[in-house]
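We did not get these values from a lab; they are worked out from the coordinates using the rules stated. All values derive from a computational prediction rather than experimental measurement. Counting neighbours? That spans all protein chains shown, and the Cβs are built from the backbone with ideal geometry, glycine included.
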Amino acid sequence: MDKKGFTLIEVIVVVAVIVALAGIAFGVYPKIKASQMKNIIDVNKQQILAGIERYRTITGTVPQNQTEFEALLLNTKYFEKVPENPYWNDNKTHPEKGWTWDSQTQGVTSILH
C-alpha cells in the first residue's frame, strides 16, 4: 500500500505543539502588555514633571492642589497636549483627570494603576 498523507499520531503531535506554543504566547502577552503600559506611564510622568518644572521656573510655585494641577495640564503654554494615562478610560474628554498630584511630595501618580 502506497498511501500519502499524515498519520493520526503526526497530526496529534503537530496540534499539541501548536497548543503548547499558543499557551506560551498567551501567558507572555499580558506581561509584555503590562510592561509597555508601565513604560508609557513612566515617560508621560516625566513629561508632566518637566511641564511642572517649566511652570515653577516661570511662576516660582507649583500647583497647590489637584484642581490647579489639572488646570496646568490643560494649559497649552506648558503642555502641547495632556500626556495620556493608558489606564484611564476617559483620555478623549478628560485626560487631565487620569493623573493625581501630591503637592507635598510633588509627585505625579496615574489613576487606576
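Some observations on this one:
- Start at zero, step by 5 Å, and the Cα-Cα distances of region 28-110 spread as 3, 15, 26, 25, 15, 8, 5, 2, 1, 0 percent across the bins.
- Full-stretch length increase - residue 46, residue 29 - with 0.36 nm per residue and alpha-carbon distance subtracted: 3.5 nm
- Helices in the chain, meaning DSSP H runs of at least 4 residues, each add -39500 (n - 2.57). Divided by all residues, the mean residue ellipticity at 222 nm is -19500 deg cm²/dmol.
- Folded to 0 to 90 degrees: helix 8-59 orientation relative to the chain principal axis, Cα: 10
- Under 5 Å, built H, 5+ apart or other chain: amide partners of residue 87: none
- Spin-label model, residue 91 to residue 54: label points 7 Å out along the Cα-to-beta-carbon direction sit 2.0 nm apart.
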